[in-house]
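S.K.: My structure is below; once you've seen it, I'll send some questions.
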Amino acid sequence: MKAVLLLSGGLDSSLAGKIVRDMGVDLVGLHLESPFGCDNNPERMADEIGIDLIRRPKGPEFIEVLKNPEFGYGSVVNPCIDCRILMFKIGKEVMDQVGATFLVTGEVVGQRPMSQKRDTLFLIDREAGMDGWILRPLSARLLPETLPEKKGWVDREKLLGWAGRSRKPQIELAATFRFSHVPSPAGGCLLTDHNFKERVTDFIALDGNRTTALAPLLRYGRHFRFGETWVIVGRDEADNRHLDRLIRGNGMAFHPVGFSGPGVFFPDPCPSDMEEITLGAFQVYGKNRPDGTVHARAVLDETEYPVQFHDTGNANETYQDPAFWNKHWRH
Ligand code: SF4
């Protein structure tokens, strides 16, 4: 019998997959990519379980869900119920494509406040049109028998009855399975992180109709909003590297030449006062920015080229004011 495992790359979904795989079920992993990116490594966990992995983007539908979730947000800007419904619907499509009959997840009853309450699990299954076809091996013994159990494709006796948020049994089971890698609980969803709340809220309100390719930019750098202008200033080399990769085809970047300062990134559409803003960012967040002519390296699509900015002293002085940047910093 064949099933699809929703594999985030975290520990729970990996354990759930291993339990079902060990029962002889032919399992295919499905990793659904968030437009906002994620730190997990699902390939590594698919190897641990010994299964193939398919990657699929959650796509523009996820941005629609994020803008207007039917079942609302959790404590930050996480539309978890609608997100799970979407994931199960995509899971169903992949099941049909690979000839699988049921879906396996690593959900644990009561582990997450919004989407993993008992009644909410049933609601999500129903809304996704998957009632009875979702097997949750880590909590199955606390839940009604699913169709794969009733049909004898999996042995209910070998399924678990976990509930709540303790991670201890998960770690112990990973040791029993001799996993060579135990993913850390971090690396979760950016939408549940209070540190990203303002910038995600801006994205939903201001950029939701732009390309989803802009969404991963939210993970890196300091973000500023001057009216409709969105500016990102790299905090360190790692930020600059990630942002440089992501901005190509989605906007423009400038890096200082001959002095120390941050990368300055403008997601599309780029504003007409890019030069003034860049000079201001170099001044406020850099060191020893020269007066007069300032040299920089521009990044646009696949090309990079030298540019010169001229600070005539008549430029908009607000951009040279640290307090102004601080006021418009979006966390
Ligand atoms: S935590 Fe993030 S990925 Fe997980 S269900 Fe909620 S919104 Fe979706």
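The values are calculated or read from the model by the stated rules, or taken from the named source; none is laboratory data. Note that the structure is predicted; figures quoted are calculated from it, not measured. Don't worry about glycine lacking a Cβ; one is built from the backbone with ideal geometry, like all the others, and counts go over all protein chains shown.
S.K.: Evaluate the following for residue 129: is it at pLDDT 95 or above and part of a loop (DSSP other than H, G, I, E, B)?
M.R.: For residue 129, the condition - at pLDDT 95 or above and part of a loop (DSSP other than H, G, I, E, B) - is met.
S.K.: Follow-up. Can you tell me which residues in region 117-126 are part of a helix (DSSP H, G or I) and either farther than 18 Å from residue 4 by Cα or not β-branched (Val, Ile, Thr) (or both)?
M.R.: Passing the criteria: 118, 119, 120, 121, 122, 123, 125, 126.
S.K.: Taking region 154-195 only, how many residues are among the small types (Gly, Ala, Ser) and over 26 Å from the mean Cα position of the chain (by Cα)?
M.R.: 2
S.K.: Looking at region 157-214 only, could you name the residues that are in contact with a Lys or Arg (Cβ under 7 Å, 6 or more places away or on another chain), touching a residue at least 60 places away in the same chain (Cβ under 8 Å) and more than 30 Å from residue 228 (Cα to Cα)?
M.R.: Passing the criteria: 159, 160, 177, 181, 185.
S.K.: Here is a further query. Confirm whether residue 215 is within 20 Å of the chain's Cα centre (by Cα), crowded, with 18+ Cβ neighbours inside 10 Å and at pLDDT below 95.
M.R.: In short, yes.
S.K.: Considering 136, 112, 126, which residue is in contact with a Ser or Thr (Cβ under 8 Å, 6 or more places away or on another chain), assigned by TED's automatic domain parsing to the domain that holds residue 153 and either free of Cβ contacts under 8 Å to residues at least 40 places away in the same chain or more than 13 Å from the ligand (Cβ to nearest atom) (or both)?
M.R.: The match here is 136.
S.K.: State all residues of region 37-90 that are closer than 16 Å to residue 205 by Cα and within 11 Å of the ligand (Cβ to nearest atom); if no residue qualifies, say none.
M.R.: Matches in region 37-90: 62, 65, 66, 69, 73, 76, 77, 78, 79.
S.K.: Name the residue that is nearest to the ligand (Cβ to nearest atom), counting only residues in region 193-209 that are at pLDDT 90 or above and of a type in the set (Val, Ile, Thr).
M.R.: Applying the filter and picking the extreme gives 200.
S.K.: Does residue 244 satisfy the condition of being surrounded by fewer than 20 Cβ atoms within 10 Å (Cβ to Cβ) and either modelled with pLDDT of 95 or more or under 24 Å from residue 290 (Cα atoms) (or both)?
M.R.: yes
S.K.: Please tell me if residue 281 is in a helix (DSSP H, G or I), among the small types (Gly, Ala, Ser), touching a Pro at 6+ places or on another chain (Cβ under 9 Å) and crowded, with 17+ Cβ neighbours inside 10 Å.
M.R.: yes
S.K.: Still on this model: For a quick check of your reading: which helices (runs of 4 or more DSSP H) sit entirely within region 138-243 and have at least 2 residues that are of a type in the set (Asp, Glu)?
M.R.: 197-202
S.K.: On the basis of being in a helix (DSSP H, G or I) and modelled with pLDDT of 95 or more, does residue 318 make the cut?
M.R.: No; evaluated as a whole, the condition is false for this residue.
S.K.: List every residue pair whose Cβ atoms lie under 8 Å apart, where the two residues are 6 or more positions apart in sequence or sit on different chains, the first residue falls within region 63-89 and is farther than 18 Å from residue 109 by Cβ and of a type in the set (D, E, K, R), and the second residue, located anywhere, is within 10 Å of the ligand (Cβ to nearest atom) and modelled with pLDDT under 95.
M.R.: Within 8 Å, the pairs are 82/65.
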